[in-house]
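Working notes for the structure below.
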Amino acid sequence: MHKLNTLLLAAASASILSIPAQAQTVSEPSVRGHVSYLAGPALRGRGSATPDEAAAAAYVAAMFRGYGLQPAPGMTGYTQSADVTALKLDGPALLTANGVAVDAPLLFSSTGRPITGTLSVFAGNDPKQIAGAVVILSGTGINPLRVAGAVDPAKTRLVIVRATPEVRDYYQKIGGAPRLPRTFKGEAPSPRPTVVALPDAAFDALAAQPGADIALTLPGLVEQQLVTTNAIGWLPGTDPSAGMLLVSAHLDHLGVRPDGQVMYGANDDASGTAAVIELAKALAQGKKLRRSVLFVAYGSEEAGGFGARKFIANPPVPLETLVANLEIEMIGEQDPKLPAGTMMMTGYDRSTFGETLKAHGALVTADPYPEQNFFQRSDNYALAQKGIVAHTVSGWAVVPTYHTPEDTVERLDLPFMTRAIQSLVAPLRSLANSRAKPEWKPGGKPVAE
Ligand SMILES: [Zn+2]
């Protein structure tokens, strides 16, 4: 493209996106301040249910208080916590065949319990056909990364796969540590098979020993009692019968990996948390709204949606009073697939919420990745399953920095973020003052599980 054309286009798009000065309530320095702290060195990646997550929640709570929000009805403060039990493996897993140690087993996921059994070799390519209690997969047509979800954990307790380069890459991606059960305190973990990957030589040797007595033990297993924290602020409206809006994000991220690498999570989801804070500030200014607005930053989204589940199990207000939920996730970079300056809304066509916000100026558009099921993959979904019109807005949902150490403040597109957050202020204000409710469209409401 010619340089002059580029300049003309830039000028044209700047004027489309410019906002009258008096209406500007979200500023870039303010947004930068929030993300710099939340995704900065002090909070070390806000690991789910860690003291760093609690510090992030305390920050959000302090902002809510500072901007004049109140504790939600039925609460005396701005945080809600839940006890979480997690298992952690300090040391290697031990795998033996006929009493002889197998070389370098890489434990992917486990129930935490020791396993013994007789080895069977499965050479097929359909994981649904796997039936033995302890199985080594010698077929090459099964994706070893998908096998855990495909087998019946009541029949198959241990699955042994080959540690291909893809398997090793994925292991690094999940943090170089096994997935172990994490539950609310006192809750039984859901059954799942234990998965172990073996290097080629050990794998081939074991696959040649059907009938071998296999034992897997986890000598370094420790049980940890953790606490996860939500931050909750409430903006009371003038009409208690009008229902409430819920504006939410998740404040946790992946924390510090076992190798010491900090996962800052600037986009995922310090960006959405900053948006919740800024929207709380903007909506708390000016004339009181008709509907109340609840602002929530959830803990432990990354570890299995614990914060959202705690909120739903112990809501400060009856869930039926929630008129709509807007979840904000990863708005730190623009999606090159979308029109410049816009966010996508997951499940856009399922309800009237997106078009209502858009009609009032929100920079939202439909989700270009329906095959990714993003509607089902964020904290909005648990509420949507309760019948509440609940959607997530995102920037670039398949951004290359997703769940990498490169997800840092330096990579954020702060001008885009600022405009995107600003664009939600008037539509939310309008909805809070409206008598109309967003509704599911025919077939749009998810079926409760
Ligand atoms: Zn994430």
**Request:** Please turn the phi angles of the stretch 175-192 into ³J(HN,Hα) values with the Karplus equation 6.51 cos²θ - 1.76 cosθ + 1.60 (θ = phi - 60°), one per residue in order, whole Hz, x for glycine and proline.
**Result:** x, x, 8, x, 7, 10, x, 9, 9, 4, 3, x, 9, 7, x, 6, x, 7
**Fill in**
Taking Lys386, Lys358 and ranking on accessible area (1.4 Å, protein atoms only), highest first, one gets Lys386, Lys358
**Asked** Which whole number of Å³ per residue matches the convex hull of the alpha-carbon atoms in the stretch 270-352?
**Response** 152
**Asked** Straight-line reach from Lys437: which lysines have Cα under 27 Å away, leaving out those fewer than 8 places along the same chain?
**Response** Lys281, Lys287, Lys288, Lys310, Lys358, Lys386, Lys445
**Message:** For a bin width of 10 Å, list the pair-distance distribution of the stretch 183-339 built from all Cα-Cα distances, rounded to whole %.
**Reply:** 8, 26, 26, 19, 11, 7, 3, 0
**Fill in**
Dipole check, the chain, charges on Cβ (K,R +1; D,E -1), about Cα centroid: among Leu145, Gly117, Ser378 the Cα furthest to the positive pole belongs to Ser378
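For the stretch 302-342, build the convex hull from the C-alpha positions and give me its volume per residue in Å³. Intermediate values should be presented prior to the final figure.
Numbers: hull volume 5.0 nm³, N = 41.
For the stretch 302-342, the hull spanned by Cα atoms encloses 123 Å³ per residue.
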**Request:** At a Cα cut-off below 13 Å, give the aspartates and glutamates reachable from Lys441, other chains included and same-chain residues fewer than 8 away excluded.
**Result:** Asp349, Glu355
**Request:** Leaving ligands, DNA and RNA out of it, work out the accessible area of Asp269 with a 1.4 Å probe and give it in Å² to the nearest 10.
**Result:** 0
**Listed residues Val389, Val161, Val100, most fluctuating in the chain (Gaussian network, C-alpha, under 10 Å)** = Val100
**Dipole axis of the stretch 223-356 (+1 Lys, Arg; -1 Asp, Glu on Cβ), positive-most option in Gly243, His253, Ile312** = Gly243
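What is the Cα radius of gyration of the chain over 2.2 N^0.38 Å, N being its residue count?
My calculation over the Cα atoms of the chain gives 1.08.
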**Complete:** Straight-line reach check, Lys155, cutoff 16 Å on alpha carbons, 8 or more apart in-chain or any other chain, hits among lysines -> Lys128
**Fill in**
Once both label points are put 7 Å beyond Cα along the C-beta direction, the Thr183-Ile312 separation in nm becomes 1.8
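As an exercise, identify the trypsin sites (Lys or Arg not before Pro) in the stretch 297-348 lying in DSSP coil whose Cβ has no more than 14 other Cβ atoms within 10 Å. Walk me through the intermediate numbers first.
Working: sites: Arg309, Lys310, Lys337; in loops: Lys337.
Passing sites in the stretch 297-348 are Lys337.
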**Request:** Pick out, in residue order, every one of the trypsin sites (Lys or Arg not before Pro) in the stretch 90-169 that is DSSP loop and has at most 11 other C-beta atoms within 10 Å; say none if there are none.
**Result:** Arg146
**Message:** Test of understanding: in a Gaussian network model of the chain with alpha carbons linked when under 10 Å, which of Gly211, Gly40, Gly305 would top the mean-square fluctuation ranking?
**Reply:** Gly211
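Run through the stretch 366-440 and list the GluC sites (Glu not before Pro) located in a DSSP loop whose Cβ has at most 16 other Cβ atoms within 10 Å. Intermediate values should be presented prior to the final figure.
Values: sites: Glu371, Glu406, Glu410, Glu439; in loops: Glu406, Glu439.
Those satisfying the criteria are Glu406, Glu439.
Roughly speaking, to the nearest percent, how much of the chain's 1.4 Å accessible area is carbon and sulfur? Please report the intermediate quantities before stating the final value.
Working: 10700 of 19410 Å².
Here it works out to 55 percent.
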**Prompt:** Picking from Leu216, Leu428, Leu412, which is most flexible by a Gaussian network model of the chain using Cα springs under 10 Å?
**Reply:** Leu216
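Starting from the coordinates of the alpha-carbon atoms of the stretch 91-219, obtain the Kirkwood hydrodynamic radius over all distinct pairs and give the value in Å to one decimal.
Details: mean 1/r = 0.0681 Å⁻¹.
It is 14.7 Å.
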**Prompt:** FRET efficiency for Ser27 and Lys437, Cβ-Cβ distance as r, R0 = 35 Å, nearest 0.05?
**Reply:** 0.65
**Asked** Where does the chain land at 222 nm, in deg cm²/dmol rounded to the nearest 500, when only DSSP H runs of n ≥ 4 count, each adding -39500 (n - 2.57), divided by all residues?
**Response** -8000 deg cm²/dmol
**Asked** Looking at the P(r) of the stretch 307-449, how many percent of alpha-carbon pairs lie beyond 28 Å?
**Response** 18
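The values are calculated or read from the model by the stated rules, or taken from the named source; none is laboratory data. Everything numeric in this text was worked out from a predicted model, so none of it was measured. Every residue, glycine among them, receives a Cβ derived from its backbone with ideal geometry; neighbour counts consider all protein chains shown. Heavy atoms of the whole protein, side chains included, go into the accessibility calculation; ligands, DNA and RNA do not. Shrake-Rupley method; radii C 1.70, N 1.55, O 1.52, S 1.80 Å.
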